[in-house]
Amino acid sequence: MSLQGKVALVTGSTSGIGLGIARALAGQGASVMLNGFGDSAQIEVLRAGLAAEFGARVAYSGADLSKPAQIAAMVAQTEAELGALDILVNNAGIQFVAPVAEFPDEQWDRVIALNLSAVFHGMKAVIPGMQRRGWGRIINIASAHGLVASANKIAYVAAKHGVVGATKVAAIELANAGITVNAICPGWVLTPLVQKQLDDRAAREGRDVEDLKHAFLTEKQPMAQFSKPEQIGALAVFLCSDAAATITGAPLSIDGGWVAQ
Ligand code: NAD
């Protein structure tokens, strides 16, 4: 239980990678503030289930992270309900796929607001408390698309490259404050975000979703398998450990060789 006594806020943790990270942190004894959208009764089942499974304190904020004031309120709620905020995982993110010339302005604004601006607002809100306490871990979930590009994903790729840059700036500023700031850059992880892209393409191309999975993976990754949310969670736990105390400002790939090419 290496994170006993620490408090973590994981954004977008009602689903996918964020949930995998929240589970991994709770499994190491951290108290966890969940965040994300979904059916409120189902979220309460999730919250109570995590608390019971790991004997951890688990709370929930329904903040919409595209609204900066709600990010500040969520951070304040975490400090009030759980007593501190030691670990921030900026994970919530969305995707929209279209060629640049056809990319709707409102989708550009939506993706940038959540995938990039919310990372800035989250870091800005948690840093003063971490500095006062002299310890902190900020983990920004970027993507292989924070390091390389793909067609039809201009807002996502721009935002994720921005997240990697923002991570480096904060890491430099906080290098001697006991606070590390890193970015995790996953390749394909089979979550609802990716399932939707698979379903849309299967419908467009009249193909079977299961057949398409292999093509989807191998177009980008030398390793023809998805990473799992719990593997991303294990990397986040490592970044919170003393062993990782001098890793900062780093984009860490967990991508089946995607960006090695
Ligand atoms: P997901 O769709 O399963 O989960 C997204 C989470 O964000 C959900 O909990 C959702 O409720 C929440 N969310 C959405 N809009 C929100 C808002 N405005 N305010 C607060 N919460 C909001 O997606 P995922 O695949 O688990 O993705 C998580 C992160 O990992 C994203 O930043 C994504 O870009 C990144 N990522 C995913 C993959 C992948 O292959 N799945 C690869 C690389 C990076």
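The values are calculated or read from the model by the stated rules, or taken from the named source; none is laboratory data. The structure displayed is predicted, hence computed values, not measured ones. Neighbour counts are summed over all protein chains in view; Cβ atoms, including those assigned to glycine, are modelled from backbone coordinates with ideal geometry. Accessible surface areas use protein heavy atoms only, side chains included; no ligands, DNA or RNA. Shrake-Rupley method; radii C 1.70, N 1.55, O 1.52, S 1.80 Å.
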- Query: Using θ = phi - 60° and the Karplus curve 6.51 cos²θ - 1.76 cosθ + 1.60, what whole-Hz ³J(HN,Hα) does each residue of the stretch 163-172 get, with Gly and Pro shown as x?
  - Reply: 4, 4, x, 4, 4, 5, 4, 5, 4, 5
- For the chain, what % of the accessible area comes from carbon and sulfur atoms, probe 1.4 Å? 56
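Around His214, with a cut-off of 15 angstrom between Cβ atoms, what is the net charge of the other residues, counting Lys and Arg +1 and Asp and Glu -1? Intermediate values should be presented prior to the final figure.
Details: positive: Arg201, Arg207, Lys213, Lys220; negative: Glu205, Asp208, Glu210, Asp211, Glu219.
With Lys, Arg at +1 and Asp, Glu at -1, the neighbours total -1.
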- Query: Amide H of Tyr60: which non-local residues (sequence gap of 5 or more, or other chain) have their own amide H closer than 5 Å, using H built in the peptide plane?
  - Reply: Leu34
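Applying a 10 Å radius around every beta-carbon, put 24-35, 189-200, 158-169 in order of their mean neighbour count, most first. Kindly include the intermediate steps, with their values, before the conclusion.
Working: 24-35: 25.0, 189-200: 14.8, 158-169: 20.6.
Top to bottom by mean Cβ count within 10 Å: 24-35, 158-169, 189-200.
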- Looking at the stretch 136-245 from every direction and averaging, what is the projected area of its Cα convex hull in nm²? 7.7
- Message: Using amide H atoms built in the peptide plane, which far-off residues or other-chain residues are under 5 Å from Ile184 H to H?
- Response: Asn140, Ile141, Ala142, Leu252
- Expressed as an acute angle from 0 to 90° and rounded to the nearest 10, what is the orientation of the C-alpha long axis of helix 16-27 relative to the principal long axis of the chain? 30
- With every protein chain present, what is the per residue accessible area of the stretch 155-244 (1.4 Å probe, Å²)? 46
- With x for Gly and Pro, the residue-by-residue ³J(HN,Hα) of the stretch 203-219, computed from phi through the Karplus equation 6.51 cos²θ - 1.76 cosθ + 1.60 at θ = phi - 60° and given in whole Hz, is 5, 5, 9, x, 10, 7, 4, 5, 4, 5, 4, 5, 4, 4, 5, 6, 4
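Counting Lys +1, Arg +1, Asp -1, Glu -1, what net charge surrounds Trp108 among other residues with beta carbon under 12 Å of its beta carbon?
Working: positive: Arg110, Lys153; negative: Glu102, Asp105, Glu106, Asp109.
Overall, the nearby charge balance is -2.
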- Message: Suppose we keep just the alpha-carbon trace of the stretch 1-117; what are its Rg and Dmax in angstrom?
- Response: 15.3, 51
- Query: What ³J(HN,Hα) values, in whole Hz, does the Karplus curve 6.51 cos²θ - 1.76 cosθ + 1.60 give for the stretch 62-75 when θ = phi - 60°, with x put for Gly and Pro?
  - Reply: x, 3, 8, 6, 7, 10, x, 4, 6, 5, 4, 5, 5, 5
- Query: log₁₀ I(q)/I(0) of the stretch 127-183 at q = 0.14, 0.27 Å⁻¹, via Debye over equal Cα point scatterers, no solvent, to two decimals?
  - Reply: -0.42, -0.96
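FRET efficiency for Asp199 and Ile247, Cβ-Cβ distance as r, R0 = 30 Å, nearest 0.05?
Numbers: r = 37 Å, r/R0 = 1.22.
Once the sixth-power term is evaluated, E becomes 0.25.
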- Calculate, for the stretch 1-134, the solvent-accessible area per residue in square angstrom, rolling a 1.4 angstrom probe over the heavy atoms of the protein chains. 44
- 10 Å-binned pair-distance histogram of the chain (Cα, whole percent): 7, 31, 38, 19, 5, 0
